[in-house]
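Below are the structure tokens for one structure; questions will follow.
The values are calculated or read from the model by the stated rules, or taken from the named source; none is laboratory data. The model shown is predicted, which means the values in this text are computed figures rather than measured ones. All Cβ positions, even for glycine, are placed from backbone atoms using ideal geometry, and neighbour counts span all protein chains on display.
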Amino acid sequence: MRRPLYTLLLRLAAPLIWLWMARRARRAGGEWGIFSKARFGHPVEGVATDPVTRPVWVHAVSLGETRAAHPLIAALLAQGHKVLLTHTTATGREEGARAFADAIASKQLLQTWLPYDFPASTDRFIQAYRPRIGLLIEREVWPNLLASARYFKVPMALVSARFSDSALRQARNMGHVMKEAFSGIDTVLAQTSADATRLRQAGASPVRVTGNIKFDVQLPEAQIAAGRRWRELAARPVIALASTREGEDEPFVEAIKAQVSDHTLFWLIPRHPQRFGSATETVRRGGLGFECRSNMNRACEFPAPPAAETRVMMGDTLGEMGFYYAASDVAIIGGSFAQLGGQNLIESCAAGTPVIFGPHTFNFEQAAEDAIAAGAAIRVADAQAAIAAAQALIADAPRLAQMRTAARAWGQGHAGATRRTVDALQTWLTPRGS
């Protein structure tokens, strides 16, 4: 497939894409700006045109990528760069606004939507913002966007890049248009050597391994302290069901109901905020007593312990994963019990909380295997086995302590990807003549 055909197909599919976005917006809430000017590449106020202060553009498509990009964006801001931060989803935009509120207030960081991948829209976007360099987080490769960047001589980098076997197959199925897109990226900084190999096979060059910047995420100390205080007040074993995805809540609720003892307390933390309501309803239908984090006084230094009849605490807030992990003895990581590729296990290990995950971790395969080898993680077959393994681990205090130590050490041992990434990009980050 050539790029003109890709563009034609994209235009034909656009009404269906917009309908899907509208439905998702109704379920998730938030402001999506589906037909806003920004979605078609028009600038917002505050664009810098001075060549010396041209922004570093970072694209973090959604919530996960925005969280992953946090250490990199923080490093860029600390160096004094202006940052243009783009997103595709409302959850990503909301997380960026929350995490970088001070930089937005000082106008060092500007947020907007990534334009749709129509040539006129991407041209307009690049011309308006004139970024010094564009940094695409993990795997966001859009053919017309990269073509516009090449035309206007804006260097592009794919950073903390991950690329699965299925992603490689999809790229090959699209043929020339994706090979051209990958070949147009100026540098690719991959998470692992396996990712690097697949990216080269897709047409990217040069490719080097700098690691996963998620290992450099710093969990807020106040959240960790509050979570640990809450765990002490709970005075019960606590298991986090973290970042659950579609189709996973029901098996976990059934597994909780099947437990002989009702002494264990569970945090159920859906991955996406649009599922907070449906996950809570699943717990309600299951007949389990529950409380919601959103109803707790989060400003209280010593939050109240859960009621004796409570079996499930609903983690229905954003930006508090540090609290949830610190409040738990073990974390079961969602997205891995359905064929969804798994979710991030690194934050849990950073909090010193051992992890258990299911069979489907292709989005984090290297990290999952490394964590198992380091003694920080366990893989199981299904939800029932996960809860049984977590309870067995809690009952074995020496092994739990050993895994806590291994989790922290594993996370700390992989830190430094942000520094390596910034060093690799320094040629483009440094203004000419400086």
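Return the pairs, sorted by first residue and then second, in which the second residue is surrounded by 14 or more Cβ atoms within 10 Å (Cβ to Cβ) and charged (D, E, K, R), the first residue lies in the stretch 281-294 and is within 15 Å of Thr264 (Cβ to Cβ) and assigned by TED's automatic domain parsing to the domain that holds Tyr324, the beta carbons are less than 6 Å apart, and the residues are 6+ apart or on different chains.
Within 6 Å, the pairs are Leu288/Arg311; Gly289/Arg311.
May I pose another question? Would you mind stating whether Ala304 is crowded, with 24+ Cβ neighbours inside 10 Å and farther than 17 Å from Ile387 by Cα? Explain how you work it out, then say what you get.
Numbers: crowded, with 24+ Cβ neighbours inside 10 Å: no; farther than 17 Å from Ile387 by Cα: yes.
When the stated conditions are applied, Ala304 does not pass them.
Of everything in the stretch 100-125, what is assigned to a loop (DSSP other than H, G, I, E, B) and of a type in the set (A, V, I, L, M, F, W, C)? Give them in sequence order.
Taking the stretch 100-125 first, the residues assigned to a loop (DSSP other than H, G, I, E, B) are 100, 106-108, 114-118.
If the condition is that a residue be assigned to a loop (DSSP other than H, G, I, E, B) and of a type in the set (A, V, I, L, M, F, W, C), then Phe100, Leu114, Phe118 are the ones that fit.
Within the set of pairs 6+ apart or on separate chains, which have a first residue in the stretch 192-212 that is touching a residue at least 12 places away in the same chain (Cβ under 8 Å) and in the same structural domain as Phe163 (by TED's automatic domain parsing), a second that is of a type in the set (Phe, Trp, Tyr) and surrounded by 16 or more Cβ atoms within 10 Å (Cβ to Cβ), and C-beta atoms under 6 Å apart?
If the second residue must be of a type in the set (Phe, Trp, Tyr) and surrounded by 16 or more Cβ atoms within 10 Å (Cβ to Cβ), the pairs left are Asp195/Phe163; Arg198/Phe163; Leu199/Phe163; Ala202/Phe182; Gly203/Phe182; Ala204/Phe182.
Of Ala204, Ala181, which residue is of a type in the set (A, V, I, L, M, F, W, C) and either under 28 Å from Ala74 (Cβ atoms) or under 19 Å from the mean Cα position of the chain (by Cα) (or both)? Steps first, answer last, please.
Details: Ala181 fails: either under 28 Å from Ala74 (Cβ atoms) or under 19 Å from the mean Cα position of the chain (by Cα) (or both).
Among Ala204, Ala181, only Ala204 is of a type in the set (A, V, I, L, M, F, W, C) and either under 28 Å from Ala74 (Cβ atoms) or under 19 Å from the mean Cα position of the chain (by Cα) (or both).
Just checking, does the stretch 402-419 include any residue being over 25 Å from the mean Cα position of the chain (by Cα) and either of a type in the set (S, T, N, Q) or assigned to a helix (DSSP H, G or I) (or both)?
Within the stretch 402-419, the subset over 25 Å from the mean Cα position of the chain (by Cα) is 402.
Narrowing the set further to residues that are either of a type in the set (S, T, N, Q) or assigned to a helix (DSSP H, G or I) (or both) leaves 402.
Looking through the stretch 402-419, at least one residue is over 25 Å from the mean Cα position of the chain (by Cα) and either of a type in the set (S, T, N, Q) or assigned to a helix (DSSP H, G or I) (or both).
What number of residues within the stretch 85-103 satisfy the criterion of being among the hydroxyl-bearing types (Ser, Thr, Tyr) and either over 21 Å from Trp20 (Cβ atoms) or out of contact with any strand residue (DSSP E or B) (no Cβ under 9 Å at 6 or more places or on another chain) (or both)?
Start the filter on the stretch 85-103 by keeping residues that are among the hydroxyl-bearing types (Ser, Thr, Tyr), which leaves 86, 88-89, 91.
Retained after the next criterion (residues that are either over 21 Å from Trp20 (Cβ atoms) or out of contact with any strand residue (DSSP E or B) (no Cβ under 9 Å at 6 or more places or on another chain) (or both)): 89, 91.
Summing the residues that are among the hydroxyl-bearing types (Ser, Thr, Tyr) and either over 21 Å from Trp20 (Cβ atoms) or out of contact with any strand residue (DSSP E or B) (no Cβ under 9 Å at 6 or more places or on another chain) (or both) in the stretch 85-103 gives 2.
A further question follows. Among what's in the stretch 340-398 and is of a type in the set (Phe, Trp, Tyr) and part of a helix (DSSP H, G or I), pick the residue that is nearest to the chain's Cα centre (by Cα).
Residues of the stretch 340-398 of a type in the set (Phe, Trp, Tyr): 357, 362, 364.
Narrowing further to those that are part of a helix (DSSP H, G or I): 362, 364.
Numbers: Phe362: 15, Phe364: 12 Å.
Across the stretch 340-398, the extreme among qualifying residues is Phe364.
Right, something else. Only residues that are among the hydroxyl-bearing types (Ser, Thr, Tyr) and over 28 Å from Arg24 (Cβ atoms): list them for the stretch 53-102, please.
Step one: of the stretch 53-102, the residues among the hydroxyl-bearing types (Ser, Thr, Tyr) are 53, 62, 66, 86, 88-89, 91.
Thr53, the sole residue that qualifies.
Starting from the stretch 311-334, keep only residues that are in contact (Cβ under 8 Å) with a residue 24 or more places away in the chain and crowded, with 24+ Cβ neighbours inside 10 Å, then list their pairs with residues that are outside any loop (DSSP other than H, G, I, E, B) and of a type in the set (Asp, Glu) whose Cβ atoms are within a distance under 7 Å, requiring at least 6 positions of separation or different chains.
Met313/Glu291; Met321/Glu347; Tyr325/Glu347
Out of (1) touching a helix residue (DSSP H, G or I) at 6+ places or on another chain (Cβ under 6 Å); (2) within 21 Å of Gly352 (Cβ to Cβ), the odd one out for Asp249 is which?
(2)
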